[in-house]
Amino acid sequence: MTAPDSPNAASPGTPILVGAASGEYMDRVVVIEWRVAPGDAVEHGQVVAVVETAKAATEVEAPCDGVMGEILALVGDEVAVTQPLGLIAGGADAPAPTPEPNTPADPAPREADDDARPGHDPVVRANDEDRIIASPAARRRAAAMGLGLEGIVGTGPGGRIKLRDVSAAVRAMAASPLDADAQAPSCFPDTPFPLRVTRTGIETGTPVLMLHGFAGDSSVWHPIERDLAAHHPVIRLDLPCHGRSPHDRYASFHDFVRPVLEAFDSLNEGPVHVIGHSLGGAVALALADQRPGMVRSLGLLAPAGLGVEVDSHILDGLCRAASPDSLAPWLLRLVVDPSHITDGYVRAAMATRAAPHIRACQAALAARLFPNGTQAFNVTPLLRRVVVPTRLIWGRADEVLPWQQALGAPGHVALHLLPAVGHLPHLEASAIVTSVLRDLIATAEACPGPPDTDVLTHEVHVA
Amino acid sequence: MTAAPATPQNRPSLDEHVDMHRLMVVTRTLEEQLGVLHKAGRTRGPIHRCDGQEAVGVGATAALDPQDYVTTTHRGHAIYIGKGLDPRRVVAEILGRETGYNGGRAGHMLVGSAAHGMMGGNAIVGASIPAATGMALSIQMLRQDRVALAVFGDGAAQTGICHESMNIAALWRLPVVFLLEHNEYGLTAHHSAQSSVPDLHVRAAAYGMPGEQIDGNDVVAVFQAVARAAGRARRGEGPTLIEARTYRMEGFSTSDKGGYQASEERKRWAARDPIVRSRTTLVDALGTARVEDVEQSAAEAVIAAVAAAEADPYPRFVPHAASATHAGPADRVTEDA
Amino acid sequence: MAMMRYAEALNAALHEAMTDDPTVFVFGEDVATYGGVFQVTRGLWEAFGDRVRDTPISEQSLTAMAVSAAMTGTRPILEIMYADFMPLTLDALVNQASVYGYLWGDQVTMPFVVRTQGGAGLGTGAQHAKSLDAFIAHIPGLKVVAPVTPADAKGLMLAAIRDPGPVVVLEHKRLYNTRGEVADEQGPTEIGRARLARSGTDISLIATSRMVLEAEAAAEQLAGSGISAEVIDLRTLRPLDLGAITQSLAKTHHAVVINEDWGFCGYAAELSATIMDHAFDDLDAPVERVATRDMPIPFSEPLESAVIPTVDRIVEAALKALA
Ligand SMILES: Cc1ncc(C[n+]2csc(CCOP(=O)(O)OP(=O)(O)O)c2C)c(N)n1
Ligand SMILES: [Mg+2]
């Protein structure tokens, strides 16, 4: 048999094209069947494949006599009408090409053949008797509270856990913390103790108080702490629910600030310079507002509470992450330059939040302070009435809190916008941040002493 | 197809005429009884009475054989009765009773009884036309000795499907008879506001089929025209369009506020009442006593039927299996048997 | 402020629009000399002459003509006597109106209105009682409104007529005689905005057209058992006021969706899916759907009332959601 239309012997074969079979409106078709396998002899005009066009299944014929060569478009593939579906080799005596392992003529065996058993429905084979049935809203509330669903009794139809059941569980826990502990080991077991304080730096001079952000702890300050410590006493606080501070529940921002104020009072320090990042920045503002004479300057790094949006996905992701692998992608969202997030950094960050109850408490806190991607508290009024030297430092590429939130600041507050920096300026731009802060501190110390406290008594700001 | 004999000149026979007269009286009494029930609030929804048009439905169906099909409109009472349906069960259907032909599901516009070849009233205007045409197609496919009769109004004659059906029927020589029951109005609109031509049978020429206009209040004329057309259909000569001119005496429906039919016009037509005219002929042939006897027993039968139907029970609701939205039981099967 | 019947409010809107804009015209079966079988177009023919036309029974052509007349400078308002006849209009809506508005961009506008009315419960039988909302709301490029109150009947009709695109107004045969306040200066009601018919905290009853009244009655009944139900009158079926739904769900966490069309692939199904898409985490129970049973509407009273949505069915659905 000869193949008059086939090109020279060196060519891999004559292409099988959909051509006119496609119909005039089509530019792509889906292969639904191959009628020949590689190695089969084919004749000009023989139907070798079936494709699906807009209207119907259409047969595709062999363009010449020969031996079926390689199949280029498998069953299920969608191809342009101009693309060859397969090739026909020169003639019947030409060596048959080795079949592709997964040619349609030799379909891969089905995964499980009990699907073929008559009367057996392969679709619904739920092997999940112990799956907990809970409403979406109940699941969300429980997660926000850091409660496991395991111990909650569902009172909905078929034992479904509903919102009311989660609320009941929370109430029960509040009523008897010991029971709660047994039922849901993840949450709120701490008895009151003071916030964790870490002191470094020189002995003399006005101390610098550092307040870290949500999901961090005082270790986040490492990149700038050393330099500041060379010139000032440095006091780092672990915020409530963070690091080695107590893990309590807070109903509001106001609630959350209270232990910080108490901790500050019990430090018995004179006036301090306060540096706060993110949530810590908002706390710093509250501190300046509540303890007017005690704060000499405010260095605020991407502070929370100045706008509405916050990226809840990142917050959720940080709270959920239970291993370095699941934490790293979220940490990467905090920076522009990924080289800052080394394996070591990730492992260290994970270590500070390894205990499930810390994560649960932070999730509950996030649900209060940042529900539904929204910052539920507003410290802009506090920023407006701050009188001590204040600087805002913000990364232009901050994904968590957009820098535009700084635009509500009053004129006497300076704004440093850092290009190509994310939500962690102290990590990504530690040199600039250090110099801005030192400059700020120097300016403040050049000022004629603490401002008049009488004028500055304000009512407590409640979120 | 068996060759059916052409209509003998002597049909309808006197007996056939008496029977048609009886059925017209049945229909008229039924319409009047429904009027009474409606006023008394014992009916539901609007009812489309055919007072004054009885000769069309009764004459046409009398010319058919029992196996022939008929489709009709929202105004089909004369057809139901003419096609041999039991008045008691027709009334029961109209009153939504379990004993109605369709168990109360259909109501007066949509009565069907396949056993009688009564293939449905239809309340989608025009829909009776392709319906009969499709039945004619089936008859042709199956080579049966049957015809299909489409009854439709002058309003329905203006629909697109009327044109489409007539073209196809003529094209394929389908055994269908198109009976246009022209009662001057489509709902409240006079035919002059609906049709570009006053006479509608002329349209038959455009399809290459015979078309004739007849006096729709003359039951014998209706019988004969339909018999001729049915004969043509049976002989494979294709469809015919018959325009039967008649008049709707009681307005569009029981919820018609009226006001658009001139009383002059109504009077003129009242003088041509199909029952009065039929009676005159019969009295000449049979004498008053015999005719009055027929009329009285027809009326009494209807009144009894209405009373019986009113006493019938309402249906109990049963879900419609063929409308099921889910295959098998709704509950998920959890156990493997 | 005047008390008006729903039909009168629609009539007032038509009157006003025809007075304001000489390109507006009304056509349909029995709309002119008789004033419409539900009297919605009463008096228009007397006032506007041949801008109000009785037509032959030719729904398919009439709708296609509305589309093309609208493309060439007029604002047609077509009455389709019963929603059951809307299938006859579908080609014009699906293959003409929907398509050209997109393909030709802003070369043409299509400011036409199709008015129709649906609804069961009056013994009108299987071909005169349906609410085919889903067929209509399914069509891209169309807006679909369904006023419940006389004020909205006027407002939405005005908005529909003034809209630059095709709008289908779904009226309801059992609303025509309901009465309500209509402000003298009642202007267009914004299309795409739901109305809070009753506020509540435990469950959201999200309804369309006359089902809003049933939902309100159900809410009243639920209140008797200490359940606070919110009733949302969607008013516009397309485009849907998503915010109104999600806001309500964020508060109540439970929903019953009520629509008089069939349930399967129906408008209520769309509402249910929309809630799943946009408020899943707010749900404390599956969304309950109350719709007409998936079958033809029977004539006989006991059968008809077994298939159409009722106050009892809404209450039952609410209790099931709250179980
Ligand atoms: C497709 C459709 N359009 C409109 C209607 C409303 N309608 C019911 S009967 C009718 C008039 C029909 O006139 P005709 O065909 O002359 O019948 P008649 O009532 O005179 O017997 C109309 C417009 C309908 N049922 N179906
Ligand atoms: Mg008529």
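Annotation: average projected area of chain B is 21.1 square nanometres, based on the convex hull of Cα atoms across all directions. Normalising by the residue count of the stretch B:76-121, find the relative contact order in percent from Cα pairs under 8 Å and 6+ residues apart. Across the stretch B:76-121, relative contact order equals 30 percent. Across chain C, the convex hull enclosing all Cα atoms gives 127 Å³ per residue.
Note on the stretch A:197-446: the alpha carbon radius of gyration divided by the globular reference 2.2 N^0.38 Å gives 0.92. Given +1 at the Cβ of Lys and Arg, -1 at the Cβ of Asp and Glu and no other charges, the dipole of chain C around its Cα centre is 200 debye to the nearest 20. Using R0 = 30 Å, the C-beta based FRET efficiency linking residue B:268 and residue C:53 works out to 0.60. Mean-square fluctuations from a GNM of chain B, with a 10 angstrom spring cutoff on Cα atoms, peak among B:198, B:175, B:274 at B:198. Projected onto their three principal axes, the Cα atoms of the stretch C:104-247 cover extents of 57, 38, 34 Å, largest first.
Neighbour counts of other C-beta atoms within 10 Å: give me C:116, A:443 arranged from fewest to most. Walk me through the numbers on the way to the answer.
Numbers: C:116 23, A:443 14.
Result, fewest neighbours first: A:443, C:116.
To the nearest 20 Debye, how big is the dipole of the stretch C:195-322 about its Cα centre, given +1 on the beta carbon of each Lys and Arg and -1 on that of each Asp and Glu? Don't skip to the answer; put the middle values down first.
Working: 10 positive and 20 negative charges, 36 e Å.
I would put it at about 180 debye.
Annotation: amide H of residue C:205 within the under-5 Å range of C:230, C:231, C:232, C:256, sequence separation 5 or more or interchain, hydrogens built in the peptide plane. From its DSSP helices (H runs of at least four residues, each -39,500 (n - 2.57)), the protein assembly as shown gives a residue-normalised ellipticity at 222 nm of -10500 deg cm²/dmol. Annotation: amide H of residue A:415 within the under-5 Å range of A:392, sequence separation 5 or more or interchain, hydrogens built in the peptide plane.
How large is Rg over Rh for the stretch B:149-215, taking Rg from the Cα atoms and Rh as the Kirkwood inverse mean of 1/r across Cα pairs?
Working: Rg = 11.7 Å, Rh = 12.3 Å.
Rg divided by Rh gives 0.95.
Across the alpha-carbon set of the stretch C:128-193, the Rg to Rh ratio works out to 0.98, Rh being the Kirkwood radius. Ordering B:112, B:242, B:69 by the projection of their Cα atoms onto the charge dipole of chain B, which places +1 on the Cβ of Lys and Arg and -1 on the Cβ of Asp and Glu, puts B:242 at the extreme positive end. Between residue B:111 and B:121, the built amide H atoms are under 5 Å apart, and every one of these is 5 or more places off in sequence or on another chain.
Explain nothing, just the number: dipole magnitude of chain B about its Cα centre with +1 on each Lys and Arg Cβ and -1 on each Asp and Glu Cβ, in debye rounded to the nearest 20.
It works out to roughly 300 debye.
Near residue B:83: Cβ cut-off under 12 Å, other residues only, Lys/Arg at +1 and Asp/Glu at -1. The net charge is -3. Placing unit charges on each Cβ (+1 for Lys and Arg, -1 for Asp and Glu) gives the protein assembly as shown a dipole about its Cα centre, and among A:362, C:104, C:41 the Cα reaching farthest toward its positive end belongs to C:41. Converting phi to 3J(HN,Hα) with the Karplus coefficients 6.51, -1.76 and 1.60 and the offset θ = phi - 60°, the stretch B:286-294 yields 10, x, 4, 4, 4, 5, 5, 4, 4 Hz in sequence order, with x at every glycine or proline. GNM remark for chain B: springs join alpha carbons under 10 Å apart, and the peak mean-square fluctuation among B:94, B:161, B:242 falls on B:161.
By the Stokes-Einstein formula, at 0.890 mPa s and 25 °C, the stretch A:224-356 with its Kirkwood radius over alpha-carbon pairs has D equal to 148 µm²/s. In loop segments of the stretch B:11-62 as defined by DSSP, the trypsin sites (Lys or Arg not before Pro) with at most 13 further C-beta atoms inside 10 Å of their C-beta are B:42.
For the stretch C:2-182, the extents of the C-alpha atoms along the principal axes are 43, 37, 30 Å, listed from largest to smallest. Here the stretch C:195-322 yields Rg over Rh of 0.95, to two decimals, using C-alpha coordinates and the Kirkwood radius. Springs between Cα atoms under 10 Å define the GNM used for chain B, and in it the highest mean-square fluctuation of B:117, B:160, B:103 occurs at B:160.
Shape analysis of the protein assembly as shown based on the Cα gyration tensor places the equivalent ellipsoid semi-axes at 77, 41, 29 Å, largest first. Taking every Cα-Cα distance in the stretch C:4-57 and sorting them into 10 Å bins from zero, the calculated P(r) comes out as 28, 58, 14, 0 percent.
I need the calculated FRET efficiency for the pair residue A:345 and residue A:132, taking r as the beta carbon distance and R₀ as 56 Å, to the nearest 0.05. Please list the in-between numbers first.
Details: r = 36 Å, r/R0 = 0.64.
Given R0 = 56 Å and the Cβ-Cβ separation, E is 0.95.
Bear in mind these aren't lab numbers, they're just calculated from the coordinates by the rules spelled out. In this text, all values refer to a predicted model and were calculated from it rather than measured experimentally. Note that we place each Cβ from the backbone using ideal geometry, even for glycine, and neighbour counts take in every protein chain shown.
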